[in-house]
Amino acid sequence: SKIKPALLKKMQNEFAKWYPVDMRISGKDLIQNHFAFYVLHHIALFNRKYWPRGIGVNGHIQVEGEKMSKSKGNILVLRNLMDEHGSDLVRITAVSSGEGLDDANWSARDLQAYRFRIEFLLELAEKVKTMKTSAGKNQDAWLLSELQSIIQESTKDYESLLLRSASSSSLFKAYNAIKWYIRRCGSLESA
């Protein structure tokens, strides 16, 4: 049977929305077969403008330093992790678990460290309006400068797909800078 013109146009628009793929990332064990066929299929089926713009390779996944496998019984189900910890915390822990071809290592300790820093930053954002401060212009200028440097560093790392480095900069360095500012300049007591 023939495809109706309206449906064909809708399918073409949907395809054009998602193609070309900016980056396709998969595990290093799939280079020989999966990526080879991925590239060949795109070259065979599509015009050059729809070919993938980049391909990235990850290491294997470990859980608490051991290879994740059914035989070891240490399989982590993404849906269960998100139900238990929330999608944002799972995402940042996952992207921060490895970098480049290094094997990613899922760690409950890392998840708790990210949870603590995120909760601190959220709590601080709620209380910052009522913060009593004895800060002078130098401390304020230092904090703004430090946060701008962290933003620049994190952005550079994200653009280079150094996600672990980016999350380290954006959460841990920002956390430390804000703690330094509070210790020296004021308190979170109500004004």
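The values are calculated or read from the model by the stated rules, or taken from the named source; none is laboratory data. What you see is a predicted model, and the numbers here were worked out from it, not measured in a lab. Every residue, glycine among them, receives a Cβ derived from its backbone with ideal geometry; neighbour counts consider all protein chains shown. Surface areas here come from the heavy atoms of the whole protein model, side chains and all, with no ligands, DNA or RNA. Shrake-Rupley method; radii C 1.70, N 1.55, O 1.52, S 1.80 Å.
So, SER167, is that one modelled with pLDDT of 85 or more, part of a loop (DSSP other than H, G, I, E, B) and among the small types (Gly, Ala, Ser) or not?
No: the conditions fail for SER167.
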query = Which of the residues that make up segment 26-49 are within 25 Å of GLY100 (Cα to Cα) and either surrounded by 13 or more Cβ atoms within 10 Å (Cβ to Cβ) or among the aromatic types (Phe, Trp, Tyr) (or both)?
reply = SER26, GLY27, LYS28, LEU30, HIS34, PHE35, PHE37, TYR38, VAL39, HIS42
ask   = What strands (runs of 3 or more DSSP E), lying completely within segment 34-132, carry at least 2 residues that are under 30 Å from PHE15 (Cα atoms) and under 24 Å from the mean Cα position of the chain (by Cα)?
value = 55-58
key: Long-range neighbours under 7 Å by Cβ, at least six apart or interchain, first residue modelled with pLDDT of 85 or more within segment 24-39, second open to solvent by 40 Å² or more (accessible area, probe 1.4 Å)   = ARG24/ILE55; PHE35/ILE55; TYR38/ARG24
inquiry  = Only one of ARG91, ARG183, ARG115, ARG109 is modelled with pLDDT under 85, open to solvent by 60 Å² or more (accessible area, probe 1.4 Å) and out of contact with any strand residue (DSSP E or B) (no Cβ under 9 Å at 6 or more places or on another chain). Can you tell me which?
reply    = ARG183
message = Can you find a residue that is on the phi < 0 side of the Ramachandran plot, touching a Lys or Arg at 6+ places or on another chain (Cβ under 9 Å) and free of Cβ contacts under 8 Å to residues at least 40 places away in the same chain anywhere in segment 41-51?
response = no
